[in-house]
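What follows is calculated from the coordinates using simple rules that are stated; it is not laboratory data. Since we're looking at a predicted model, the values are computed, not measured. For neighbour counting, all protein chains shown are included, and Cβ atoms are generated from backbone atoms with ideal geometry for every residue, glycine included.
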């Protein structure tokens, strides 16, 4: 944890308590809009977390009135194609980093999550939203179709609903986001932090080695044809069954006692 905690950031905050870490987007005056500098800091922080075995789960949240309002539009005026290419490459790298680190990442969402902010929610492994949260891909309203947010969000939502969001730019409520699979649960605003932490603690109680294996396997099998997905999953299950954590977990279940994870004993 020390290597992560000693990093100094301008646009984000990092803190950890036990095996749970919080990454807080801290540009409240900009509704946590994703400038290039902001995204690079997020990438650096998530990469450091990925290398830190003391952290089991990460919660991503935003300070101020919004979770994240998308890209910082002030950076997108009158720039060169190379600059725009760089912006969206950095954004893609951020999303890939969130899904590639071994720890599950939970989005703690309040206020608005729009465009690349909605993309962030869709990219996180899990999401808890407050009742006031709103989600949108509104780029069409300003002449900038939400093509990169579309990649992540369309892998969460049904096709017709996704097209409606993209073509109209209109937001959906937290309850609609729950109905369509963008978030896992919706809670009162005053319960948002507690409910998100409770979910994180459930995950942190599991074997870190097994969670790491499972997260990687989930994303690898998603886009495989079913026969290949099963072949891959069989190989993963076989490897998993040989692990000390699996043997401990099975024995603990049969002996009706809490498991003592070998992988977490030193971390």
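Using only Cα atoms, find the angle between the long axis of helix 244-254 and the longest principal axis of the chain, and express it within 0 to 90 degrees, rounded to the nearest 10.
It is inclined by approximately 70 degrees.
How much of the DSSP beta bridge set in the range 2-204 is antiparallel, as a percent to the nearest 5? It would help to have the intermediate numbers written out before the result.
Values: 8 of 29 bridges.
In the range 2-204, DSSP labels about 30 percent of beta bridges as antiparallel.
Arrange 137, 10, 123 by Cβ neighbour counts within 10 Å, fewest through most, would you?
Numbers: 137 32, 10 9, 123 24.
Fewest-to-most Cβ neighbours within 10 Å comes out as 10, 123, 137.
Hey, what's the per residue convex hull volume over the C-alpha atoms of the range 1-131, in cubic angstrom?
Working: hull volume 12.8 nm³, N = 131.
About 98 Å³ per residue, rounded to a whole number.
Could you tell me how many degrees, from 0 to 90 and to the nearest 10, lie between the Cα long axis of helix 192-204 and the main elongation axis, the longest principal axis, of the Cα atoms of the chain?
Rounded to the nearest ten degrees, it is 40.
If each DSSP helix of 4+ residues adds -39,500 (n - 2.57) and the sum is divided by the residues in the chain, what number results at 222 nm, nearest 500 deg cm²/dmol? Before the final figure, lay out the partial values.
Values: 12 runs with 131 residues, N = 267.
Estimated from H runs of four or more residues: -15000 deg cm²/dmol.
Take the Cβ-Cβ distance between residue 170 and residue 222 as r, set R0 to 35 Å, and report the resulting FRET efficiency rounded to the nearest 0.05. Provide the component values of the computation, followed by the final result.
Working: r = 28 Å, r/R0 = 0.80.
Once the sixth-power term is evaluated, E becomes 0.80.
Per 0.36 nm of contour for each residue apart, how much would the distance between residue 142 and residue 201 grow if the chain were fully extended, relative to their Cα-Cα spacing? Mind showing how you got there, number by number?
Working: separation 59, 0.36 × 59 = 21.24 nm, distance 4.06 nm.
Working it through step by step, the gained length comes to 17.2 nm.
Anyone know which of 56, 231, 21 comes out most mobile in the 10 Å Cα GNM of the chain?
231
Ranked by Cβ crowding within 10 angstrom, fewest neighbours first, how are 25, 243 ordered?
Numbers: 25 26, 243 16.
The most exposed by this proxy come first: 243, 25.
Given N residues in the chain, what is Rg(Cα) / (2.2 N^0.38 Å)? Before the final figure, lay out each step's value.
On the way: Rg = 19.2 Å, N = 267, 2.2 N^0.38 = 18.4 Å.
For the chain, the normalised Cα radius of gyration is 1.04.
What is the angle, in °, between the Cα long axis of helix 159-168 and the longest principal axis of the Cα atoms in the chain? Nearest 10 is fine, range 0 to 90.
Rounded to the nearest ten degrees, it is 30.
For a bin width of 5 Å, list the pair-distance distribution of the range 208-265 built from all Cα-Cα distances, rounded to whole %.
4, 18, 23, 20, 16, 11, 7, 2
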